[in-house]
Amino acid sequence: MNLKLIPSALVLFRFLISPFLLWDALDGKTSIWFIVGFVAAFLSDIFDGIIARRLGVSTAELRQADSWADVCLFSCIFVSAWLVYQDVLIAYRVPLLTVVFAQLIWWIVNLVKYGKPASYHTYSAKFWGITLCIAIISLFGFNYAGITLWLTCIAGVVYSIEEIAMTIILPVWTHDVLSIFHALKIRENLLIQNNVIESQQSLMTNDQ
């Protein structure tokens, strides 16, 4: 097997397993395989990026596919939660809807500016992913939705705000930007490069 295909295979795995998680919840309850499948999908999300960078195949297309796989996975998880724990989601509707609203603004800002969703894979996104994993295992594995659900909602809002700010800061679509501080540095470098290019063009014009 070509080792460079491993990251793509891990992303594909996440796409494929997501509907099976939803299928397991269709009868209003989930089995142990739901947790097993979710943990496997979560681990694939961790390692696809690491392996892609190690193999030098962390392309914009792969990172975008990774982001869409996450959307697919957590959309199926949310629908599964609605089918199995509807009362919990209703009880925590305020923090959950706050995250949904923040994510909606995130999508609008990115689509308006770039015509496609961002694919930053920030530290805050990774932290949100960890809190989501804990909250999902707590809910589906132990029927608990207290502190863990609040924590993931707060992390989701913080992540959304940071990435919205990053999109406003960055003049062009850029993938794998770890934080708003990295975005500011990239913007500074791009401005310097543009100034150099403009200076060179001005000199060429004067020479002519």
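The values are calculated or read from the model by the stated rules, or taken from the named source; none is laboratory data. Quantities reported herein were computed from a predicted structural model and do not represent experimental measurements. Every residue, glycine as well, gets a Cβ built from its backbone with ideal geometry; the counts of neighbours run over all protein chains shown. Areas reflect the complete protein model, heavy atoms only, side chains present, ligands, DNA and RNA absent. Shrake-Rupley method; radii C 1.70, N 1.55, O 1.52, S 1.80 Å.
Could you grab the relative contact order for the chain? Cα pairs under 8 Å, six or more apart, rounded to a whole percent.
For the chain, the relative contact order is 21 percent.
Working with all protein chains in place, sort Cys153, Cys72 by solvent-accessible area computed with a 1.4 Å probe, largest first.
Ranking Cys153, Cys72 by accessible area, largest first, yields Cys72, Cys153.
Dividing the alpha-carbon Rg of segment 32-118 by 2.2 N^0.38 Å yields what?
1.31
Which residue, Gly146, Gly56, Gly28, tops the fluctuation ranking in a GNM of the chain built on C-alpha contacts under 10 Å?
So, out of Gly146, Gly56, Gly28, the one fluctuating most is Gly56.
Calculated from DSSP H runs of 4 or more alone, at -39500 (n - 2.57) each and per residue, what is the 222 nm mean residue ellipticity of the chain, nearest 500?
Counting only the DSSP helices, I get -28000 deg cm²/dmol.
Rank Leu3, Leu190, Leu83 by accessible area, highest first, at a 1.4 Å probe radius?
Descending accessible area places them as Leu3, Leu83, Leu190.
When the solvent-accessible surface of protein heavy atoms is calculated with a 1.4 angstrom probe, in what order do Phe140, Phe181, Phe47 fall, highest first?
Most to least solvent-accessible, the answer reads Phe181, Phe47, Phe140.
Assuming a ≥ b ≥ c are the square roots of the Cα gyration tensor eigenvalues, decide whether segment 114-162 counts as rounded (a/c under 1.5), prolate (otherwise, with a/b larger than b/c) or oblate. Each step should come with its number before you reach the end.
On the way: a/c = 2.86, a/b = 2.34, b/c = 1.22.
In terms of gyration-tensor shape, prolate.
Can you pull out the trypsin sites (Lys or Arg not before Pro) in segment 73-128 that DSSP calls coil and that have at most 14 other Cβ atoms within 10 Å?
Taking segment 73-128 and a limit of 14 other Cβ atoms within 10 Å, no loop trypsin sites (Lys or Arg not before Pro) are found.
Mind checking which of Gln64, Gln86, Gln193 has the largest fluctuation in a GNM of the chain, springs on alpha carbons under 10 Å?
Maximum fluctuation in the GNM of the chain, among the listed residues, is at Gln193.
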